[in-house]
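The values are calculated or read from the model by the stated rules, or taken from the named source; none is laboratory data. Because the structure is predicted, anything quoted here is derived from the model rather than measured. With ideal geometry, Cβ positions are generated from the backbone for all residues, glycine too; neighbour counts draw on all protein chains shown.
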Amino acid sequence: MLFQDADFQKLLLLHSRDRRCQKLHLEVKELPQEVARMEEKIAVEKKSVELALAEWKGLESQNNSLEKEILSMNDLVNKQRNRQLEVKKNEEYQALENEIVNLLSKIEERENEQIEILLKIDGARETAEVAQGKISQRVAEMEKQRDERRDQGEEKKSELIDLEKEIEETRKEVEPSFLSTYDRVATIVSRPPYMAPISDQKCSGCHLRVSNDVVSSVLVEKKITQCDQCGRIVYVER
Ligand SMILES: [Zn+2]
């Protein structure tokens, strides 16, 4: 049985290290994009807090300018009323009266606008406070996750360096004819695994039924057998 063979076990070891190495390569390669996606999400959350605050502050400043406008119109009304006491001519008095009526109606308009804005301010303040509280907390959590991802990435990079050294060493220990078959299979097979156990007469790499010749070769002969469907090195785990 080839599976029990020490040389074959070394080949299996090489295979599992190669697969781990490919997986790590992929993870390390994808990491910057993953971190970038996290950064994007963080930016969106931060932006929503900024927008909520800007909305609230904008309404506050609208309210302040309305307040000033109303105050100055009220001042003007008082001033014109005092002037009415001083004028002699009836038409001058009437002109001031018209101006006062106009001002009072404008003041009423502005006061109505102000009431609407004050109502909006209540809602906007609440939204901004929720945003600052909950979202800031979420942002902090997301930033923590992002930093952890980065740290994991660094760990994976150094694991990869160690693993590549180990693979180099393992390759030296694998029987040369096994190694050349393995390397050839790795170039033919479109994706890993390159070695697959057979179960129920099916290759677990391509999930297709292998021929009886393949099964008997795997069970009897002490040489490497390939799946007659996909070309992977096949074996039986016993
Ligand atoms: Zn196969």
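Things to note:
- Restricting attention to segment 52-67, the residues that are within 18 Å of K134 (Cα to Cα) and free of Cβ contacts under 8 Å to residues at least 60 places away in the same chain add up to 1.
- Only listed residue being surrounded by fewer than 16 Cβ atoms within 10 Å (Cβ to Cβ), of a type in the set (F, W, Y), out of contact with any Cys (no Cβ under 9 Å at 6 or more places or on another chain) and on the phi < 0 side of the Ramachandran plot, chosen from F8, F3: F3
- Scanning segment 172-197 for residues that are in a helix (DSSP H, G or I) and either among the hydrophobic types (A, V, I, L, M, F, W, C) or crowded, with 16+ Cβ neighbours inside 10 Å (or both) returns F178, L179, T181, Y182, V185, A186, I188.
- On the stretch given as segment 198-224, residues that are of a type in the set (S, T, Y), in contact with a strand residue (DSSP E or B) (Cβ under 8 Å, 6 or more places away or on another chain) and in a loop (DSSP other than H, G, I, E, B) total 1.
- Single match in D183, D162 (criterion: modelled with pLDDT of 95 or more and either under 16 Å from K10 (Cβ atoms) or of a type in the set (F, W, Y) (or both)): D183
- Within segment 201-224, restricting attention to residues that are without any contact (Cβ under 8 Å) to a residue 12 or more places away in the chain and away from the ligand (no atom under 11 Å from the Cβ), the residue that is surrounded by the fewest Cβ atoms within 10 Å (Cβ to Cβ) is N212.
- Residue list for segment 225-238, restricted to those being assigned to a loop (DSSP other than H, G, I, E, B) and near the ligand (Cβ under 9 Å from one of its atoms): C227, D228, Q229, C230, G231, R232
- Beta carbons closer than 8 Å, at least 6 apart along the sequence or on distinct chains, pair a first residue in segment 156-171 that is in contact (Cβ under 8 Å) with a residue 24 or more places away in the chain with a second that is exposed (fewer than 15 other Cβ atoms within 10 Å of the Cβ) and part of a helix (DSSP H, G or I) for L160/H25.
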